[in-house]
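Student: Structure provided below as structure tokens; questions to follow.
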Amino acid sequence: TWRRLERCERGAAAVEFALIALALILVSVGVIEFGRGLLLRNELSFAADHGARKVLLDPTVEDSALQNAIRSALIQAQSELLVVTLGTETADGAQYRTIFLSYPLMLLIPGFSGETISLSLSRRVPL
């Protein structure tokens, strides 16, 4: 009976599927997380550009009004998680207003669910 079991191929397809399905599921979840990251990064870029336009239209806009405008430009992200840092700097004799945005991306991958990745970007607007 042992020789007969050695040559038996019943269930081989199920084992092969189990090996391939695990890799396929991991790749699919990775692609979904990467897409979520790109979506949030794009939304942060839109919010920063919205703030930069606000500064270009009115260089004397107050920081609180600018922060509110940036937070209101977020559509899908939670605005209370957004960290907005505003400042001014001088480079080559020109004045600039800086906008720095940071947002934590919480991963949904099983095993990494408590981990976060900080997405950040900045804009420098001439005054």
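The values are calculated or read from the model by the stated rules, or taken from the named source; none is laboratory data. Since the model is a prediction, treat every value here as computed from it, not as a measurement. Here Cβ is always computed from backbone atoms with ideal geometry, including for glycine, and neighbour counts include all displayed protein chains. When the accessible area is computed, the model is the full protein with side chains, heavy atoms only, and any ligands, DNA or RNA have been set aside. Shrake-Rupley method; radii C 1.70, N 1.55, O 1.52, S 1.80 Å.
Student: Please go through segment 3-90 and write out the GluC sites (Glu not before Pro) that DSSP classes as loop and that have at most 14 other C-beta atoms within 10 Å.
Tutor: In loop regions of segment 3-90 (DSSP not H, G, I, E or B), the sparsely surrounded GluC sites (Glu not before Pro) are Glu9, Glu62.
Student: What does the accessible area per residue of segment 39-122 come to in Å², with a 1.4 Å probe and no ligands, DNA or RNA counted?
Tutor: The answer is 59 Å² per residue.
Student: Could you point to the residue in Ser64, Met106, Ala77 farthest towards the positive end of the chain's charge dipole, with +1 and -1 charges on the Cβ of Lys/Arg and Asp/Glu respectively?
Tutor: After comparing all options, I get Met106.
Student: At q = 0.14, 0.20, 0.21 Å⁻¹, what is the log10 ratio I(q)/I(0) for the chain, with the Debye formula run over Cα points and no solvent?
Tutor: So the normalised log intensities work out to -0.72, -1.07, -1.13.
Student: Let me ask something else about it. Can you pull out the chymotrypsin sites (Phe, Trp or Tyr not before Pro) in segment 68-116 whose DSSP state is coil and whose Cβ has at most 14 other Cβ atoms within 10 Å?
Tutor: When the chymotrypsin sites (Phe, Trp or Tyr not before Pro) of segment 68-116 are filtered for loop state and at most 14 Cβ neighbours within 10 Å, Phe112 remain.
Student: Just want to confirm a number: the relative contact order over segment 47-107, from Cα pairs under 8 angstrom separated by 6+ residues, in percent.
Tutor: 30
Student: Next question. Sticking with the crude label model, points 7 Å out along Cα→Cβ, report the distance from Leu108 to Val27 in nm, one decimal please.
Tutor: Placing both labels 7 Å along Cα→Cβ, they lie 2.1 nm apart.
Student: Let me ask something else. Obtain the nm distance between the two label points defined at Asp58 and Tyr96 by a simple spin-label model: each point lies 7 Å from its Cα along the Cα-to-C-beta direction.
Tutor: 2.4
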